[in-house]
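Here is the structure we will look at, set down as structure tokens.
Quick note: the coordinates plus some simple rules give every number you see, no bench work behind them. All values derive from a computational prediction rather than experimental measurement.
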Amino acid sequence: MASPNSAQLTALYEQQHRWLRSWLFRQLDCSQRAADLMQDTFMRLLLTEDVLEVREPRPFLAKVARSVLSNHYRRARLEKAYLQALQDDPQALVPDLATQLILFETLVQLDEALSQLDVPVRQAFLWSQLDGLSHGEIAERLGISIATVKRHIVKAGARCLMIASPASACSEPAWS
């Protein structure tokens with residue numbers, strides 16, 4: 001049975017998909033990417049559990065599309081940095097294409113997970129893991145206690161572990 005949202009979303013799509021694709025084309029200057037992001041925008045709405053009340057469809061769609069567009073640009077920046085890092089490594093260390101794709105998708109998921117954390121939590125974790133700073137150095141930079149730094153790092157690490165094993169995070173243990 002179709003939900004009230006799906007009927008409303010179908011009507012919204014039928015009435016506004018051309019406008020949204022044109023709006024995205026003006027932002028991107030690429031018809032294929034505009035079409036992809038238009039579909040991503042409607043997919044985001046389809047997957048939402050919130051009841052949609054759309055009084056002004058174009059401003060509403062533009063707001064959702066801006067978020068999709070922001071994610072697109074963020075992913076593009078991450079991909080560029082990832083490809084640059086691969087290029088900077090000696091050829092012997094560059095993994096095969098399938099492994100590169102898996103690594104990149106994992107990197108995107110980790111980036112998304114970390115972006116949802118408060119800035120000090122994310123910063124403490126990244127300084128610890130990427131820059132090798134001690135808890136004391138991080139505490140000094142952030143103006144917080146070492147105990148708080150430790151809590152921040154554990155919180156961010158736990159978020160990353162949920163990405164690494166999403167099925168196990170929500171399911172019963174195998175031994176039960």
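In order along the stretch 54-66, the Karplus-derived 3J(HN,Hα) couplings, from 6.51 cos²θ - 1.76 cosθ + 1.60 at θ = phi - 60°, round to 10, 8, 10, x, 5, x, 4, 5, 4, 5, 5, 5, 4 Hz, and Gly and Pro are given as x.
Couplings for the stretch 117-126, taken from phi via the Karplus curve 6.51 cos²θ - 1.76 cosθ + 1.60 with θ = phi - 60°, read 7, 4, 4, x, 5, 4, 4, 4, 5, 5 Hz in order; Gly and Pro are left as x.
For the stretch 34-168, the convex hull spanned by the alpha carbon atoms encloses 178 Å³ per residue.
Suppose the chain between residue 98 and residue 52 were pulled fully straight at 0.36 nm per residue; how much longer would it get relative to their current alpha carbon spacing? Write down the numbers at each step before the final one.
Numbers: separation 46, 0.36 × 46 = 16.56 nm, distance 3.88 nm.
Taking residue 98 through residue 52 to full extension adds about 12.7 nm, to one decimal.
Taken along its principal axes, the alpha carbon cloud of the stretch 1-107 reaches lengths of 56, 34, 17 Å, longest axis first. So for the chain, averaging the separation of alpha carbon pairs under 8 Å that are six or more residues apart and normalising by length, what relative contact order in percent results? The normalised contact order for the chain reaches 15 percent.
Scalar couplings 3J(HN,Hα) for the stretch 81-88, obtained by applying the Karplus form with A = 6.51, B = -1.76, C = 1.60 to θ = phi - 60°, are 5, 5, 5, 5, 5, 5, 5, 6 Hz; x denotes Gly and Pro.
Expected output is a single nm value to one decimal: the length gained when fully extending between residue 60 and residue 87, i.e. 0.36 nm times separation in residues minus the C-alpha distance. What is it? Don't skip to the answer; put the middle values down first.
Numbers: separation 27, 0.36 × 27 = 9.72 nm, distance 4.08 nm.
Extra length available between residue 60 and residue 87 comes to 5.6 nm.
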